[in-house]
Amino acid sequence: MTPTELAALHEAHASDPHAFWLEQARRLDWERVPERSGDTSFDRSDFHIRWYEDGSLNLSANCLDRHLPERANDTALVFEPDEPGAGRSVTYAELHDLTCRLANLLKERGVAKGDRVMIYMPMVPEAAAAMLACARIGAVHSVVFGGFSPESLAGRIDDCGARVVVTADEGVRGGKRIPLKANVDAACDLSGAIDTIIVVTRTGGEVTMREGRDLRWEDHCERLSSDCPAEPMAAEDPLFILYTSGSTGKPKGVVHTTGGYAVWVATTFEWVFDPRPGDLYWCTADIGWITGHSYTLYGPLMTGTPTVMFDGVPTYPDASRLWETIDRLGVTILYTAPTAIRALMREGDEPVRKHRRDSLRLLGTVGEPINPEAWRWYHDVVGDGRRAIVDTWWQTETGGVLMTPLPGATSMKPGSATRPLPGIEPLLVDAEGREIRGNDVSGNLCLRGSWPGQMRTVWGDPQRFIDTYFATYPGLYFTGDGCRRDEDGDYWITGRVDDVINVSGHRIGTAEVESALVAHPLVAEAAVVGAPHDLKGQGIHAFVTLNAGEEGGEHIVRELHAEVRKHIGALAIPERIQFARGLPKTRSGKIMRRILRKIAEGQLDQLGDTSTLADPGVVDALVRDR
Ligand code: WT7
């Protein structure tokens, strides 16, 4: 994009937002073209968020059918499994076929419009087809990342009331197998509701199949019709639920609806990545996360951009995996996470330099703040100093990117997400809720107004949606992020200001980890905070007090790891568990996390006033045992 084009977009939004948003909607094929744009109010008494309310469309038709007349036999996605080079390309016609058959199987099993379907799968083409099949018949998909435990999966099944799970026999990541079907079986033992499990073969590993409940995809695929009409959906019909961690309680089911989400994802995909004929786009995110939904799958498919589905990890079989794959497939756009960049940077330049990477034209990063050192390495070594980097800031809740430099139009700054996209109005707010104006200032990041991709509600708990995001600063959406606006007016996300920890770009709620830890019979109390980590961005630091008379030690650490793995998944295992005689509490019994955070960060000279604590002595002990 040129600076003039970008300025024109901002200007178009400012002068006539309604026309601007309807214009963006024209990127899609609508069954019924909307005449309304946004209708939103963040007032407690009349809270609503609606976009394109009078329109109807089908997202699977926008990803598949719209491409059939002109490019049925072009590549829609490239499956790149854990084993380098053992993948295959899937055309739009093939993906359409697969999607329709799967949709017909879901229908046979009684899945109807509005029903919820869980997807617990590796990054195989069938996983894409499963999401598209749900969208095709109007079922609401809820993808759960394969790294979550059976208990987490069961919690999500219960929360959204799904009856059907689509899974695979096993996943493979970094050479290791993940027992997906066995995990689903275990989840079903914890939650009674599932009556159908569709099992796709990935490894051919042995699994238990229960008669009447479990179906082998391969046994049914052939007989099913490859024709399944796309159900016209109202723009505000829910498209998916994606669970994400917050500062308190259980994960929230973030609800995105059909029309606005599709418009925002297609729009931002085009603005940010500027897809062109001949592109091969690779976003390394798993479909278990929002990045995988919006930018591995839906964005590329809607815009007809071939997308790589990567079922591996960047460091397997070795540190040149990404670069070798880029050369072998001819990848032109790479979108990945700071944690991956830092892990590869540690391996030095040689694994990168030994591959040409001359197909690449654009690099992207997402998921957490990127430290300038990693940004420079990404730019100078991976990008040979001549490719633009888009540092895209957004959230599960925002559906798509909200802030990023745009190549050609915005100048890049290592570590800054720079400017909001057209239509997005960020502002910084102080602790009292007053807007902080001007430049060279810091505050809590909020957004004024709405955009089509904004989440609509928390599944089953609309009040929690309002309380979580719109209560801190009435009338504004509060992101949970801290942010600096520099002297040029560019934005720098400084990280979460709430009790959410960002470990390798994965959101972990402190309350969830704490409740997993206290599930251990010897644990009296636990408090969890984030601490800076060289590779992961943040690591989890847990302070644990044991029942009177118990001693902490290696074997309890192992048991606590097992608790976290069981209740959440290995991704939430603390980096460090520190046993403590007591936790710093106010006289009214509230744990002072601020002090724990400083101790975990090693900023021992910044503990602040500890004299108001019920027992100031506990702090000395915590500092001593660090
Ligand atoms: C949180 C949202 C958005 C998809 C992946 C994560 C952090 C995300 C950036 C960035 C600085 C970033 C924020 C945000 N974050 N992208 N480019 N620079 N911070 O989605 O799990 O919903 O997490 O990730 O803290 O609030 P998520």
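The values are calculated or read from the model by the stated rules, or taken from the named source; none is laboratory data. Since the model is a prediction, treat every value here as computed from it, not as a measurement. Heads up, the Cβs are rebuilt from the backbone with ideal geometry, glycines too, and the neighbour counts pull from every protein chain shown. Calculation scope for accessible area: heavy atoms of the full protein, side chains included, ligands and nucleic acids excluded. Shrake-Rupley method; radii C 1.70, N 1.55, O 1.52, S 1.80 Å.
Summary value for the chain: 12 percent relative contact order, contacts being C-alpha pairs under 8 angstrom separated by 6+ residues.
For the pair segment 162-188 / segment 39-75, the C-alpha centres are spaced 30 Å from each other. Per atom type, segment 171-244 shows carbon and sulfur on 47% of its accessible surface, probed at 1.4 Å. Taking every DSSP beta bridge that has both ends in segment 1-143, the antiparallel portion is near 70%. Report D for segment 570-622 in µm² per second (integer): Stokes-Einstein, Kirkwood Rh on Cα pairs, 10 °C, 1.306 mPa s. In µm²/s, the coefficient rounds to 134.
One Cα centroid belongs to segment 331-345, the other to segment 559-588; the line between them spans 30 Å. Rounded to the nearest 500, what is the chain's calculated 222 nm mean residue ellipticity when only DSSP H runs of at least 4 contribute -39500 (n - 2.57) each, over all residues? Mean residue ellipticity, 222 nm, calculated: -8500 deg cm²/dmol.
Here the accessible area of segment 390-448 is 42 percent carbon and sulfur, with a 1.4 angstrom probe and all protein chains present.
Dividing the C-alpha radius of gyration of the chain by 2.2 N^0.38 Å, with N its residue count, gives 0.95.
Heavy-atom accessible area for M1, with the other protein chains in place and a 1.4 Å probe, reaches approximately 50 Å². Ranking T418, T91 by solvent-accessible area of protein heavy atoms (1.4 Å probe, all protein chains present), from largest to smallest, gives T91, T418. Lys-Lys pairs in the chain that are eight or more residues apart or on separate chains and whose Cα atoms lie under 17 Å of each other come to 4. Solvent-free Debye calculation, one equal scatterer per alpha-carbon of segment 344-456: log10 I(q)/I(0) at 0.22 Å⁻¹ equals -1.25. When cysteine pairs in the chain are screened for C-beta atoms closer than 4.7 angstrom, the residues that find no partner are C63, C134, C160, C188, C221, C283, C446, C483. Relative contact order, whole percent, for segment 290-415 stands at 22, derived from Cα pairs under 8 Å and 6 or more residues apart. Ordered from highest to lowest accessible area with the whole protein assembly present and a 1.4 Å probe, T2, T203 read as T2, T203.
Add +1 for every Lys or Arg and -1 for every Asp or Glu among the other residues with Cβ under 10 Å from the Cβ of D534, and state the total. Residues close to D534 contribute a combined charge of +3. Scaling against 2.2 N^0.38 Å puts the C-alpha radius of gyration of segment 231-284 at 1.52. For V513, neighbours were defined as the other residues whose beta-carbon sits under 14 Å from its Cβ, and their charges (Lys and Arg +1, Asp and Glu -1) total -1.
Among beta bridges from DSSP that stay inside the chain, the antiparallel ones total about 60%. Work out the FRET efficiency for E23 and Y316 from their Cβ-Cβ distance, taking R0 = 45 Å, and round it to the nearest 0.05. That pair, E23 with Y316, gives E of 0.55. Descending by average beta-carbon neighbour count within 10 Å, the peptides 129-137, 545-553 line up as 129-137, 545-553, the highest first. Ranking L9, L406 by solvent-accessible area of protein heavy atoms (1.4 Å probe, all protein chains present), from largest to smallest, gives L9, L406. Under 11 Å from the Cβ of I436, count the other residues' Cβ atoms, weight Lys and Arg +1, Asp and Glu -1, and hand me the total. Around I436, the surrounding residues sum to 0. Model label sites at A72 and V518, defined 7 Å from Cα along the beta-carbon direction, differ in position by 6.0 nm. Relative to the 2.2 N^0.38 Å rule of thumb, segment 480-626 has a C-alpha radius of gyration ratio of 1.09. Ordering I370, Y473, V254 by the projection of their Cα atoms onto the charge dipole of the chain, which places +1 on the Cβ of Lys and Arg and -1 on the Cβ of Asp and Glu, puts I370 at the extreme positive end. Using only side-chain charges placed at the Cβ, +1 for Lys and Arg and -1 for Asp and Glu, the dipole size of the chain relative to its Cα centre rounds to 540 debye.
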